[in-house]
Amino acid sequence: MSEYNPISFKYLTGWGDVDLTAPQLAAVASVEDILKTLKKFSAKEREYFRDKWRKSYRFYAAALLDGEDVEQACGDEYLKKIERELA
């Protein structure tokens, strides 16, 4: 599934190579807005985003926290919510 790439977070949040002066792209989307948009995609696409989100979250947790704290951070309610919403 590594070849599968339906759409990027950059597109969903307006962070891509676009004109950021446009009023609809001036504000960054909230997590709830992103989840609401992702729920419109198929199960396979939601699984892809859930995996990417988990990997990104784990990467930043490992970069910012000590080794023993990474697992605790990755078991928090934030990541569990993402897992539930995109299941």
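Key figures
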quantity	calculated
Note, ³J(HN,Hα) from phi for region 60-76, Karplus 6.51, -1.76, 1.60, rounded to Hz, x at Gly and Pro	5, 5, 5, 6, 9, 10, 5, x, 6, 8, 5, 5, 5, 5, 6, x, 7
Dimensionless Rg over Rh [region 45-87; C-alpha; Kirkwood]	1.00
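A short reminder: the numbers here are calculations on the coordinates, not readings from a lab. Since this is a predicted model, take the numbers as computed values, not measurements.
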